[in-house]
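J.: After the structure tokens below, expect a handful of questions from me.
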Amino acid sequence: MSESSAAAAEAVAARFEELYGSAPDGVWAAPGRVNLIGEHTDYNDGFVMPFALPHTAVAAVSRRDDGVLRLHSADIGGPVVELTVDGLAPESDKRWTAYPAGVVWALREAGHAVTGADVHLASTVPAGAGLSSSAALEVVVALALNDLFALGLRGWQLARLSQRAENVYVGAPVGIMDQTASACCEAGHALFLDTRDLSQRQIPFDLAAEGMRLLVVDTQVKHSHSEGEYGKRREGCEKGAALLGVDALRDVPYDDLDAALARLGDDEEVRRLVRHVVTEDHRVEQVVSLLESGDTRAIGPLLVEGHASLRDDFRVSCPELDLVVDTAVSAGALGARMTGGGFGGSAIVLVEEGDVPTITKAVEEAFAAAGFKTPRVFEAVPSAGARRVR
Ligand code: GLA
């Protein structure tokens, strides 16, 4: 553990003690993520390739056995929220507390005897930036309860339960990528995940060793998945799969794409959605084989293609994200694309180490010229997944 994360764990534990009157049983951390490639494929049983950010949600937690669940967030402030585990009900809570409470609900609903907890949370994952701040909150609570109640669940199982909390308790129809990334990623690697059976492969991804960097550009345009557009895309994909007679779009082979599109006739919207998902799954497989053969720079054009597909076919980009990609590529980036659900949030930019200042400046100037809010640019280093820190 780095000194700064040890200090963060100390601070969260100290605040817990002030709030609840005794030291926590432990402190856990779970990261946000960026997705290198494989967007809007996870709810189509497809492939994704996220890696964990150094930014984490940190939870100080003590176990309780009296059915009481107390929640507090350093980021939201305000008083401690007190609930009872028996009283938890899906979609009854529109506050931030729905994420941790939803995890308790999902664990109990799956038959795990979670009998209450005191929780204090603090997160450095930017909220609403497409970097999975909600998944980090869910997974850190799931991991803490897994340890404190000796549930013996594996990372992928904690991810599934966290996704269920978000789908059913919070009411957002997200896929499995973000929670699995937060639970299962490893430092120095990207996670190649098959979202159908959750089989995983850790792919070494050490850009610094090869003289490159990956920048995250947070456009500061806020997005929210529970607000309809995400669900509409998901329904359109399900419609496409039904029309093609497959369980999920993952089952349409890339080589059969033209034939499949012809079978969809003149339903232009469904054709676009299907084309994105099938080509994006193919791009993930191409990126994996390039990385495994040590040809890292060659992934750049695939990132740019992926962005065009999200912009033109899937239609989840926005002017700010397009501006990051166009500007960065014109300024010499190896590749760039939006990352996460879209409609705002963040883009990633793959650059040669020496180009970081010029490309950052080009993006900032383009934003200023367009009258957009100043973006936040930082470097993403593939970091560790969820773990106990104290
Ligand atoms: C959000 C969702 C994920 C995934 C991405 C798009 O981050 O939480 O499940 O669908 O959008 O790839």
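J.: Listing 318, 185 from the residue with the fewest other Cβ atoms within 10 Å to the one with the most, what is the order?
T.: Fewest-to-most ranking of 318, 185: 318, 185.
J.: Once you have a ≥ b ≥ c as the square roots of the Cα gyration tensor eigenvalues for region 279-368, tell me rounded if a/c is under 1.5, and otherwise prolate or oblate according to whether a/b is larger than b/c.
T.: It comes out oblate by the Cα gyration axes.
J.: Once both axes come from the Cα atoms, what is the angle between helix 356-370 and the longest principal axis of the chain, in degrees from 0 to 90, rounded to 10?
T.: That works out to roughly 90 degrees.
J.: Would you calculate the separation in nanometres between label points at residue 187 and residue 379, each defined as 7 Å from the Cα along the Cα-to-beta-carbon direction?
T.: 1.6
J.: I need the P(r) histogram for region 206-379: all alpha carbon pairs, bin width 10 Å from 0 out to the longest distance, whole percents.
T.: Reading upward from the zero bin: 10, 34, 32, 19, 5.
J.: Provide the net charge surrounding residue 251, with neighbours chosen by a C-beta distance below 11 Å and charges set as Lys +1, Arg +1, Asp -1, Glu -1.
T.: Within the 11 Å Cβ shell, the charges total -2.
J.: Would you please classify the overall shape of region 1-74 from the alpha carbon gyration tensor, given that a ≥ b ≥ c denote the square roots of the eigenvalues, rounded means a/c under 1.5, and beyond that prolate means a/b larger than b/c while oblate covers the rest?
T.: oblate
J.: For the chain, with only Lys/Arg (+1) and Asp/Glu (-1) charged at the beta-carbon, what is the dipole magnitude about the Cα centre, in debye rounded to 20?
T.: That gives a dipole near 660 debye.
J.: Please report the net charge: other residues with Cβ closer than 9 Å to the Cβ of residue 331, K and R +1, D and E -1.
T.: Residues close to residue 331 contribute a combined charge of 0.
J.: With an 8 Å cut-off on Cα pairs and a minimum separation of 6 or more residues, tell me the relative contact order of region 206-379 in percent.
T.: This gives 33 percent for region 206-379.
J.: Still on this model: Please give me the summed charge of the neighbours of residue 220: other residues whose Cβ is under 11 Å from its Cβ, Lys and Arg +1, Asp and Glu -1.
T.: Summing Lys and Arg as +1 and Asp and Glu as -1 gives +1.
Read-outs throughout are calculated quantities, based only on the coordinates presented, and are distinct from any laboratory measurement. What you see is a predicted model; the values in this text were computed from it and never measured. Cβ coordinates were reconstructed from backbone atoms using ideal geometry, including for glycine residues, and neighbour counts include every protein chain displayed.
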